[in-house]
Amino acid sequence: MKFKKQYIYSMPTELSYWEKESFFSNYDAIVIGSGIVGLNAAIHLKKTAPSLKIVILEKGFLPTGASTKNAGFACFGSISELMEQEEIIGSERLVALIEKRWKGLLKLRNLLGDNTIDYQCLGGYELFKKEDNFSAEMGVSKIEHFNLLVNDIVGSNAFSLKNRKISLFGFESIGTLIQNKYEAQIDSGKMMSALMQYAQQLGIGIFNNCTVDQIKEESKGFRLITQNGNFLCKRLIVTTNAFIKDLYPDVDINPGRGQVLITKPIKNLKIEGTFHYDKGYYYFRNINNRILLGGGRNIDFKAEETTAFGQTEPVQSVLEHLLKEVILPATKYEIDYRWSGIMAFGKILEPFIEEIRPNAFCATRCNGMGVAIGSQTGEDVANLLLNKL
């Protein structure tokens, strides 16, 4: 006697009634992306309207993009950056943008606490090489101007000339040093871990390794298609920064890869604080007796306009040269490891916060200022949704 073989197929989207009802359906709002903007958006929604059922969907095991990969600069701009930005948007809009960055930092600190995120206000410095006399003179000439612009925002003058610290930091080829006394540094990993815990304590679910492949608009809201199952919600916030074009290709932003390296611990490290070089295209800081150095996308903007993680030889070569010749000219060091993050940029310097479809909102384009402006941006996009309730 022959028996027919029986096969039991187990599909990843084969859900029980309980799973569909409790984990996939009936959400008042879904946030796509668990970076600093997405977490702050969900937190503000839940704190303002506690009855809302909210979940965050994240495609990575950890937040994918920049939030856990950035350098941890709590800043609102160096002199050269602000000069360049003022030329583009004018003084009035620049003041409003600086205020957003400053208020964003205050929101982050007030929400989590300085100790939690390892907030250290050690000052920030912009470096000018001895041969960069023209750029240095232009920067120094603008100190009073930008102090007047930021005084009402931060409470006092922020910028000053600090050439006496050049030798203290061990710099040999630097001729001018401009300090921003309000610039600080944080531990990005501790910040993101604390934000995730805060959200979960409020009752916000976070599902990792859950890539949204497609968004379908339906009569009662949205159906989000993932390999884990289809999620249903009434309203939607997309905070995937540069990766938003995977879901909404028409959004006007460009990705920008930031390559980073970090040294092994250095004995008697002299450098303390956050540092900017060449209009902020290079940045470095101390962290646990190491030097973290990143930047270099200005070497080839087109090549770094990508959502692909990784390193390139031209950028890494420039970073290593800067480390050896400018940052640590008389210090022995070893590079420990390297990584990259993906930021979102645009011709408009303000974040892009908008209702892009009925009841579908997005927040992106932090222009490399995610730590500073992420909390405020998350709150702003949450308020757009709350105004539609």
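Quick note: the coordinates plus some simple rules give every number you see, no bench work behind them. Quantities reported herein were computed from a predicted structural model and do not represent experimental measurements. Please note: Cβ atoms are built from the backbone with ideal geometry, for glycine as well, and neighbour counts cover all protein chains shown.
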Taking a threshold of 24 Å on the Cα-Cα distance, which of the pairs Lys190/Lys264; Lys107/Lys142; Lys53/Lys388 fall above it? Lys107/Lys142
Of Trp18, Trp339, Trp102, the most mobile residue in a GNM of the chain (C-alpha springs, cutoff 10 Å) is Trp18
Counting each pair of different Cα atoms once, what's the Kirkwood radius of the chain in Å, rounded to one decimal? 22.2
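Where in segment 159-230 are there trypsin sites (Lys or Arg not before Pro) that are in a DSSP coil and have at most 12 other Cβ atoms within 10 angstrom of their Cβ?
Lys220
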Per-residue HN-Hα couplings for segment 360-368, Karplus 6.51 cos²θ - 1.76 cosθ + 1.60 at θ = phi - 60°, whole Hz, x for Gly and Pro? 10, 10, 9, 9, 8, 6, 7, 6, x
Rough spin-label spacing in nm, given labels placed 7 Å along Cα→Cβ, for Thr307 and Ser173: 3.7
Hey, fewest Cβ within 10 Å first, where do His276, His145 land in order? His145, His276
Restricting to aspartates and glutamates and to Cα separations under 19 Å from Lys220, and discarding same-chain partners fewer than 8 apart, the set is Glu21, Asp28, Glu355
Within 10 Å of each candidate Cβ there may be at most 13 other Cβ atoms; applying that plus a DSSP loop requirement, which trypsin sites (Lys or Arg not before Pro) in segment 306-343 survive? Lys332
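Sum -39500 (n - 2.57) across every DSSP H segment of at least 4 residues in the chain, then divide by the residue count to get the 222 nm mean residue ellipticity, nearest 500.
-9500 deg cm²/dmol
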With θ set to phi - 60° and the Karplus curve 6.51 cos²θ - 1.76 cosθ + 1.60, what are the ³J(HN,Hα) couplings of segment 323-328 in order, to the nearest whole Hz, using x for Gly and Pro? 4, 6, 8, 10, 7, 10
In Å, what Kirkwood hydrodynamic radius results for segment 184-311 from the alpha-carbon pair distances? 18.3
Based on other C-beta atoms within 10 Å, arrange Phe128, Phe301 from fewest to most. Phe301, Phe128
Karplus-derived 3J(HN,Hα) from phi for segment 106-111 (6.51 cos²θ - 1.76 cosθ + 1.60, θ = phi - 60°), whole Hz, x at Gly and Pro, runs 5, 4, 4, 5, 5, 6
Taking only Cα atoms and a 10 Å spring cutoff, compute GNM fluctuations for the chain and point out the largest among Gln259, Gln179, Gln197. Gln197
The long-range amide H neighbours of Glu354, using H built 1.01 Å from N in the peptide plane and a cut-off of under 5 Å, are Cys362
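Grab the beta carbon distance between Glu87 and Asn268, set R0 = 45 Å, and tell me the FRET efficiency rounded to 0.05.
Working from the Cβ atoms, E equals 0.65.
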Full extension between Ala49 and Glu325 adds, at 0.36 nm per residue less the Cα distance, a length in nm of 94.0 nm
Hey, can you grab everything whose amide H is under 5 Å from the amide H of Gly273? Only 5+ residues off in sequence or another chain; H modelled, so Pro and N-termini drop out. Asn286
If we count other beta carbons within 10 Å of each Cβ, what is the order of Cys210, Cys121, Cys362, fewest first? Cys121, Cys210, Cys362
Rounded to the nearest 5, what % of the DSSP beta bridges within the chain are antiparallel ones? 75
